[in-house]
Amino acid sequence: NEGVKVLEITSRLSPGFCTQIVPLTSGVELLEVTIRWAMGLSVTSDLLQPKFQKAMAHRYFFHPEGEIVSIEGFNDLKQQPGVEAVMALSDFKVGD
């Protein structure tokens, strides 16, 4: 056992949707804690204690170049059991 490895120390929150992912997987409201800390308010250890431990998957889909001929089911994804968020990182439409 080699102990804990530090991967990154930053002065910002992770750009990888951590403010959405951390609350969903642990119940810790990371954005609230960070704002409290930045404003000089107290950040008690109970704010940082996980309330639960859940798994999650974060997926990106990269498709080969081509033309979009139809879009089906995208708007229904959020209604699926266990899905908390669905986002498109760019606008797309049939014909693109």
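Quick one: dipole size for the chain, taken about the Cα centre, charges +1 on Lys/Arg Cβ and -1 on Asp/Glu Cβ, in debye to the nearest 20.
With Lys and Arg at +1 and Asp and Glu at -1, about 400 debye.
Quote the accessible area belonging to Met87 in square angstrom, nearest 10, computed with a 1.4 Å probe and with ligands, DNA and RNA left uncounted.
90 Å²
Can you put Phe92, Phe62 in order of accessible area, largest first, using a 1.4 Å probe?
Sorted descending by solvent-accessible area, the residues read Phe62, Phe92.
With every protein chain kept in the model, how would you rank Leu89, Leu13 by accessible area, 1.4 Å probe, largest at the top?
Descending accessible area places them as Leu89, Leu13.
Tell me, what is the 1.4 Å probe accessible area of Glu29, in Å² to the nearest 10?
That residue has around 90 Å² of solvent-accessible surface.
Select from Leu31, Val4, Leu41 the residue farthest towards the positive end of the dipole of segment 1-59; place +1 on Cβ of Lys and Arg, -1 on Cβ of Asp and Glu, and compute about the Cα centre.
The Cα lying farthest towards the positive end belongs to Leu31.
Got a number for the accessible area of Ile68? Probe 1.4 Å, square angstrom, nearest 10.
50 Å²
Among all the lysines, which ones have a C-alpha under 23 Å from Lys5's C-alpha, if same-chain residues fewer than 8 places away are not counted?
Cross-link targets: Lys54.
Given a 1.4 angstrom probe, what's the average accessible area per residue across the chain, in square angstrom?
90 Å²
Of Ser26, Ser90, which has the most accessible area with a 1.4 Å probe, and how do the rest follow in descending order?
Order by accessible area, largest first: Ser90, Ser26.
Return a whole-number percent for the relative contact order of the chain, with Cα pairs under 8 Å and 6 or more residues apart as the contact set.
19 percent
Roughly speaking, to the nearest percent, how much of segment 11-94's 1.4 Å accessible area is carbon and sulfur?
56 percent
Cut-off 10 angstrom, C-alpha nodes, Gaussian network model of the chain. Which of Thr25, Thr44, Thr34 fluctuates the most?
Looking only at Thr25, Thr44, Thr34, the largest GNM fluctuation is found for Thr44.
How large is ³J(HN,Hα) for each residue in segment 47-56, as worked out from phi by the Karplus curve 6.51 cos²θ - 1.76 cosθ + 1.60 (θ = phi - 60°), to whole Hz, x for Gly and Pro?
Karplus values, whole Hz, x for Gly and Pro: 5, 9, 7, x, 8, 6, 9, 10, 8, 8.
Restricting attention to the alpha-carbon atoms of the chain, what are Rg (one decimal) and Dmax (integer), both in Å?
Reported Rg and Dmax, both Å: 18.5, 54.
The values are calculated or read from the model by the stated rules, or taken from the named source; none is laboratory data. Remember, it's a predicted structure, so these values are computed and weren't measured experimentally. We place every Cβ from the backbone using ideal geometry, glycine too, and count neighbours over all the protein chains shown. Calculation scope for accessible area: heavy atoms of the full protein, side chains included, ligands and nucleic acids excluded. Shrake-Rupley method; radii C 1.70, N 1.55, O 1.52, S 1.80 Å.
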